Amino acid sequence: MRKTPVGPPDRPVVNFYGIVTASPEMMELFELVKKVARTEAPVLVRGQTGAGKELFARAIHRLSGRASGPFQAINCATLSASMLASELFGHVKGAFTGAIRSRPGLFRLADGGTIFLDEIAEMPLDIQAQLLRVLQDKTFTPLGGTESIQVDVRIVSATHRALRSAVQAKAFREDLMYRIRVVPIYLPALAERTHDVEALTWHFIREMNRRGGRQIERIGPGAMEALLEHPWPGNVRELQNVIAYAYAVGEGHILTCGELPPELRGESPPDELSRPVAVDDNERRRIVEALTWANGKKGDAAERLGMSRTTLWRKMRELRID
Ligand SMILES: Nc1ncnc2c1ncn2[C@@H]1O[C@H](COP(=O)(O)OP(=O)(O)OP(=O)(O)O)[C@@H](O)[C@H]1O
Ligand SMILES: [Mg+2]
């Protein structure tokens, strides 16, 4: 174990369209991204929450022949089926109560570019059928419309879970699965990436230093050890929040262990019981606590938990928290 505070290592760090890494596994994925970006093949990015799926989707767009065209992103997990349909395919005036004017929909707005369908495993089945049609004959019909519209859109989607099991559960169409994951890209979790916890820690420290205020130059041995040992369930987003926490609560040029959030110091948050509990129970309580702390504001609660608002929303639904 190191005894003195350390500065940044001199290992090579790559910044690939905003994706910072020192990990050879990730660099290999960049090579794959460079190749598939130039094609029209639908790509499915799979990875845990906060692992960088959206950054990959954006990189694919920017490296493609469509880079000067639009990039439209939508989260399929946060909208009701009818809202999602109208967001994606648009509607004509009077299509439903409240449709006071027509809306083009994202597929039309993404014409000539890329559409990013986040959390695609959560897409309702009837919308899956419409999406299949767009993939097959590049046409769709807006809600309440009579004419079909032709578009030229490249599809990149993402999911945190296996589509195959969604297919087995009859929640996802098998034909659609094959269509959208012509090229699957599996993002490793942060904890599995060689050197990345250290590389990204320094990346976020540099970003925070650049804002002025506290200037961290070295990391104390205890803090480094805690960072390296943490399992990072919230991946890079969680790490980013941990560094922001240290800037908020600490001072001086050395990042110390005491400035890390309790879960990194091997302590349980104050009001958490120490008896072992089932994962679901534990997670449920963590979420309820965060929501209580945030007065029900999901955005704040999600930030505290180191997960995206979408993930929080999904987990709340799975764990039946309202
Ligand atoms: N390798 C990386 N380098 C720099 N920043 C990163 C990296 N990976 C992720 N981030 C940052 O972490 C946050 C989460 O990344 P992103 O939104 O791409 O994750 P995600 O996999 O789409 O997460 P979710 O499933 O929760 O939507 C973003 O702020 C992003 O900029
Ligand atoms: Mg995302």
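The values are calculated or read from the model by the stated rules, or taken from the named source; none is laboratory data. Everything quoted here is computed from the prediction, not taken from an experiment. Note that each Cβ is placed from the backbone with ideal geometry, even for glycine, and that neighbours are counted across all protein chains shown.
Checked against the criterion of being more than 11 Å from ligand 1 (Cβ to nearest atom), farther than 25 Å from F71 by Cα and of a type in the set (D, E), region 150-162 contains not a single residue that satisfies it.
For region 16-33, filtering for residues that are out of contact with any helix residue (DSSP H, G or I) (no Cβ under 6 Å at 6 or more places or on another chain) and either more than 18 Å from P188 (Cβ to Cβ) or in a loop (DSSP other than H, G, I, E, B) (or both) leaves 0. The residues listed here are G266, G306; of these, the one that is modelled with pLDDT under 80 and touching a helix residue (DSSP H, G or I) at 6+ places or on another chain (Cβ under 6 Å) is G306.
Figure legend. Inter-residue proximity from region 301-316: first residues closer than 13 Å to E283 by Cα and touching a residue at least 40 places away in the same chain (Cβ under 8 Å), second residues of a type in the set (D, E) and surrounded by 20 or more Cβ atoms within 10 Å (Cβ to Cβ), beta-carbon distance below 7 Å, spacing 6+ or different chains. Indicated pairs: G306/E238.
Close contacts from region 224-237, counting a first residue that is surrounded by fewer than 21 Cβ atoms within 10 Å (Cβ to Cβ) and a second that is assigned to a loop (DSSP other than H, G, I, E, B) and of a type in the set (K, R), with Cβ to Cβ under 7 Å and a gap of 6+ residues or different chains, come to M224/R2; A226/R265.
Among the residues of region 137-150, is there at least one that is closer than 25 Å to E40 by Cβ, more than 16 Å from ligand 2 (Cβ to nearest atom) and within 23 Å of the chain's Cα centre (by Cα)? No, region 137-150 contains no residue that is closer than 25 Å to E40 by Cβ, more than 16 Å from ligand 2 (Cβ to nearest atom) and within 23 Å of the chain's Cα centre (by Cα).
Only residues that are surrounded by 21 or more Cβ atoms within 10 Å (Cβ to Cβ) and modelled with pLDDT under 95 were counted in region 91-118, giving 2. For region 17-75, residues that are basic (K, R), buried (at least 17 other Cβ atoms within 10 Å of the Cβ) and more than 14 Å from ligand 2 (Cβ to nearest atom) total 1.
To keep it simple, each residue is scored yes or no on (1) part of a helix (DSSP H, G or I); (2) under 21 Å from L29 (Cα atoms); (3) modelled with pLDDT under 95.
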{"position": "A158", "(1), (2), (3)": "no, yes, no"}
{"position": "R161", "(1), (2), (3)": "no, yes, yes"}
{"position": "V167", "(1), (2), (3)": "yes, no, no"}
{"position": "D175", "(1), (2), (3)": "yes, no, no"}
{"position": "P188", "(1), (2), (3)": "no, yes, no"}
{"position": "T194", "(1), (2), (3)": "no, yes, yes"}
{"position": "E198", "(1), (2), (3)": "yes, yes, no"}
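Of note, G113 does not satisfy the criterion of being small (G, A, S), touching a residue at least 40 places away in the same chain (Cβ under 8 Å), out of contact with any Asp or Glu (no Cβ under 7 Å at 6 or more places or on another chain) and within 16 Å of ligand 1 (Cβ to nearest atom). G65: small (G, A, S), part of a loop (DSSP other than H, G, I, E, B) and more than 25 Å from N235 (Cα to Cα), yes or no? Answer is yes for this residue.
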